[in-house]
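Derivation of every value follows stated rules applied to the coordinates shown; laboratory data play no part. Just so it is clear, the structure is predicted and the values come from calculations on it, not from any experiment. All Cβ positions, glycine included, derive from the backbone under ideal geometry; neighbour counts span all protein chains shown.
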Amino acid sequence: MNWFYTNREERSKWLAERFEYIFLSSQTVLDIGCYNADLKKHIKNEIIYTGIDISGKPDVVIDLDKTEKLPFTDKQFETIVCADVLEHLDNFHTVFNEICRIASKNIIITLPNAHISIFHFLRKKPYSVKKELRLQYGKYSKFYGLPFYKPHDRHRWFFSFDEAKDFIEFHAQKNNYEIKVIESEQNYLKPSLKKFSNRMFNIFNSNLSQKHFICLLEKLS
């Protein structure tokens, strides 16, 4: 693969391609934060797919921030996908542990690296030149900062790539999972001077060079 996603629909397609071998070996998939269920279009038809979200076109409407226990049985889904969702929740820890409870084989998690946005604040680079976006978004970051009106949605946690890794490692061990993949978008960007410089900078500080945390967990028998 030599491309990376830039929006929700592309993210689903990218995940289906990147983890094709996981989906090919799965009979049941739960897509947490599915929105319009784009992932369903890119995986095999034989899979029993269930999408949950608070908006969009989910199979089950769930407000994850008001949920202490997901309405599924232990090990109900062979594969669970939770892509760029947990950072939006105050209920981050509870939902993550619930995901571990209801998965029987694989968990695919993606998270943003919030620390990369520090550069925008230091450079005073506005998130957008459109003034109307300041009503809902921060001046230098879409999900951080102080918008003029209370936003409908924003990130609740300001964590780094390394913190995401530490969190996953801690809870994987606690819930009897093995980490099979931890990576970022750097492996999938087309060759460029920016990609080269990011990889060099990553040697010194991964928290300021990688935008996305991508992880695959596998249940231990």
For ILE179, what is the net charge nearby, where nearby means another residue's Cβ is under 12 Å from its Cβ and Lys, Arg count +1, Asp, Glu -1? -2
Note on the chain: alpha-carbon gyration tensor, axes a ≥ b ≥ c; rule is a/c under 1.5 for rounded, else prolate if a/b larger than b/c, else oblate; result prolate
Which ordering of TRP14, TRP3 is given by a fewest-first count of other beta-carbon atoms within 10 Å? TRP3, TRP14
Which entries in the list LYS124/LYS190; LYS165/LYS219; LYS125/LYS190; LYS105/LYS180 go over 19 Å, if you measure between the two C-alpha atoms of each? LYS124/LYS190; LYS125/LYS190
Which residue, chosen from SER55, VAL85, ALA16, occupies the Cα position most advanced towards the positive end of the dipole of segment 1-108, where the dipole is computed from +1 (Lys, Arg) and -1 (Asp, Glu) charges on Cβ about the Cα centre? ALA16
Taking the Cα centre of the chain as origin, sum charge times position over the Cβ atoms of Lys and Arg (+1) and Asp and Glu (-1), and report the length of that vector in debye to the nearest 20. 1120
Using Cα-Cα distances under 8 Å and only pairs 6 or more residues apart, what relative contact order does segment 114-155 have, in percent? 29
Could you state the angle between the C-alpha long axis of helix 92-102 and the longest principal axis of the C-alpha atoms of the chain, as a value from 0 to 90 degrees rounded to the nearest 10? 30
Using modelled backbone amide H atoms (1.01 Å from N, in-plane), which distant-in-sequence or interchain residues come within less than 5 Å of ASP84's amide H? THR110, LEU111
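Over 24 Å between Cα atoms: which of LYS41/LYS66; LYS69/LYS174; LYS75/LYS211 fall into that group? Kindly include the intermediate steps, with their values, before the conclusion.
Values: LYS41/LYS66 29 Å; LYS69/LYS174 18 Å; LYS75/LYS211 31 Å.
Checking Cα-Cα distances, LYS41/LYS66; LYS75/LYS211 exceed 24 Å.
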Charge dipole of the chain built from unit charges on the beta carbon (Lys, Arg +1; Asp, Glu -1), centred at mean Cα; most positive-end Cα among ASN97, VAL181, ASN7 is ASN7
Length-normalised contact order for segment 22-97 - Cα pairs under 8 Å, 6+ apart - percent: 33
Could you give me the ³J(HN,Hα) list for segment 40-54, computed from phi with Karplus coefficients 6.51, -1.76, 1.60 and θ = phi - 60°, whole Hz, x at Gly and Pro? 4, 6, 10, 10, 4, 5, 6, 5, 7, 9, 10, x, 10, 5, 8
Just want to confirm a number: the relative contact order over the chain, from Cα pairs under 8 angstrom separated by 6+ residues, in percent. 18
May I ask you to order 81-89, 58-66, 118-126, 23-31 by the average number of other C-beta atoms within 10 Å around their residues, highest value first? 81-89, 23-31, 58-66, 118-126
